[in-house]
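What follows is a short report on a single structure.
The values are calculated or read from the model by the stated rules, or taken from the named source; none is laboratory data. Just so we're clear, the structure is a prediction, and the values are computed from it rather than from any experiment. Using ideal geometry, Cβ is built from the backbone for each residue, glycine included, and neighbour counts are taken over all protein chains shown. In case anyone asks, the SASA skips ligands and DNA or RNA and just uses the protein heavy atoms, side chains included. Shrake-Rupley method; radii C 1.70, N 1.55, O 1.52, S 1.80 Å.
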Amino acid sequence: MTHSDIPTDAFEPRSAITRTMVERGYVNQVTDLAGVDGAFAAGVVPVYAGFDATADSLHVGHLMPIMALRRLQQAGHKPIVLIGGGTTRIGDPSFRSAARPMLSEEEIAANVAGIRKVFERLLTFGDEPSDAVMVNNADWLDRMAWIDMLRDVGKHFSVNRMLSFDSVKSRLEQQENLSFLEFNYMILQAVDFLELFRRTGCRLQLGGGDQWGNIVGGVDLLRRIEGAEVFGMTTPLLTTASGVKMGKTAAGAVWVNEDRLSPYDYWQFWRNAEDADVVRFLKLFTELPLDEIERLGRAEGAELNAVKERLANEATALVHGRQAADHAQQTARQAFGQGEAAAGLPTVELDDAERTAGVMLIDLLVRAGLAASKSEARRAISGRGVRIDGEVVEDGDGLLTVDGRPLRLSLGKKRHVVVK
């Protein structure tokens, strides 16, 4: 088993897609870089990435492997989207301090239905050689006999080696409980690769950086059982320049489905990117050519704000459509440039009792997602960062009443909601 860290100056790709994947930053580790590149150059490579159905929407942290699948499909390769209807019932322990909550069959089914939407927007599904397909590992894992799994698969796994992977070792070193149920996840993910190889000829597994141990386990299993040359590749686990995990904000996850997060708020997430992240995000989450991104990356000062809008427009258009992206931009410009509440902003509606008696402003800031806690809301008010219809709020303990006219509640210059 070989292992390559990316990039390497000594390697000259044979395939254009290998160069694209590396130059845009999609590749973190790969089991055999030359082997993967040779497979890409030789013909259509079926490649899969798995997604457990732990929520009814994915968040932007999941977009990295999806965008990588999109790039591969554009180059003529075949994406396989594996939905973890079976593995969701177990829970991946990778770099987690506690087990995932156990979901019911009904909750998993609802989550599967919710996350399908993202893939249908970013990948082309159909019957052509490079068209994407979607599979659910419950189709084979739910039928797997325990004794057969132990005899046919379990014998190929060394417990010593499994304990050596960082994802497992970190839990044990911190004396955090790792259940036998979770310990089996690595084996089940390897079975997925084996099953997809047999069903579709899949030769490459793609996953996030925290999946390296699981992916290597699958590659090794295919070599032992099938004598097959298959490969594993990870995308980086992204954090922002300030160290925040990609997909998280103070107000919570940046969901991709519009029923969990409005296209406007999604646009604002990208518009508020830190200066040091803009070029990297343009490479990863837009389809702008690299030479154009290089030109945009030279912007400074006020020009950089225009580049951030370009990032927000392109990233939002991919997920929500060009019309939604344009509308979000227009809404933002209206909100930033005018005193009245802007149509299209996220809305918080007060009930009759709240409109009559009023509502505590610090409670409303948390409810609107502008602050993660009451203490954070108080700090924002004391720092003169909260405005109502453009006027700075001085009293954090006051009651806000709405007399029928919508109000615009703002935190800083870029985050706004309508209260009505």
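When each of the peptides 230-239, 125-134 is scored by how many other beta carbons lie within 10 Å of its residues on average, the order from highest to lowest is 230-239, 125-134.
If you take all other residues with their beta carbon under 12 Å from the beta carbon of Lys78, and give Lys and Arg +1 and Asp and Glu -1, the sum is -2. Model label sites at Arg295 and Asp395, defined 7 Å from Cα along the beta-carbon direction, differ in position by 5.5 nm. With a simple spin-label model that places each label point 7 Å from the Cα along the Cα-to-Cβ direction, the separation between Thr239 and Ser158 comes to 3.1 nm.
Distant-in-sequence amide contacts of Leu400, defined by a placed amide H-H separation under 5 Å and a gap of 5 or more residues or a different chain, comprise Val359, Met360, Leu361.
A crude spin-label estimate for the pair Ala357 and Arg379, with each label 7 Å from Cα along the Cβ direction, gives 3.0 nm. Taking Ile362, Ile388 and ordering them by how much accessible surface each has at a 1.4 Å probe, largest first, produces Ile388, Ile362. Note that region 189-195 has calculated 3J(HN,Hα) couplings of 5, 5, 4, 4, 4, 4, 5 Hz, one per residue in order, obtained from phi through the Karplus relation 6.51 cos²θ - 1.76 cosθ + 1.60 (θ = phi - 60°); glycine and proline are x. Any of Lys283/Lys420; Lys78/Lys169; Lys283/Lys374; Lys155/Lys283; Lys117/Lys169; Lys117/Lys308 with alpha carbons more than 32 Å apart? Name them for me. Among Lys283/Lys420; Lys78/Lys169; Lys283/Lys374; Lys155/Lys283; Lys117/Lys169; Lys117/Lys308, the Cα-Cα distance tops 32 Å for Lys283/Lys420; Lys78/Lys169; Lys283/Lys374; Lys155/Lys283; Lys117/Lys169.
For region 16-93, the dipole from Cβ point charges (+1 on Lys and Arg, -1 on Asp and Glu) about the Cα centre works out to 220 debye, to the nearest 20.
At an R0 of 35 angstrom, the distance between the Cβ atoms of Ala253 and Trp146 translates into a FRET efficiency of 0.50.
Between amide H atoms placed 1.01 Å from N, distances below 5 Å from Gln29 occur with Thr234, all of them 5 or more places distant or on a separate chain.
Build a GNM of the chain with springs between Cα atoms under 10 Å: which of Asp56, Asp192, Asp277 gets the top mean-square fluctuation? The residue that fluctuates most here is Asp277. Restriction of the trypsin sites (Lys or Arg not before Pro) in region 105-180 to DSSP coil positions whose beta-carbon has at most 15 other beta-carbons within 10 angstrom yields Arg143. In a reduced charge model with +1 at each Lys and Arg Cβ and -1 at each Asp and Glu Cβ, the chain shows a dipole moment near 360 debye about its Cα centre. Shown is the FRET efficiency for Glu229 and Gln323, computed with R0 = 45 Å from the Cβ-Cβ distance and rounded to the nearest 0.05: 0.50. Phi angles of region 103-115 translate, via the Karplus equation with coefficients 6.51, -1.76, 1.60 and θ = phi - 60°, into HN-Hα couplings of 9, 6, 4, 5, 5, 5, 4, 5, 5, 4, 4, x, 7 Hz per residue; Gly and Pro are given as x.
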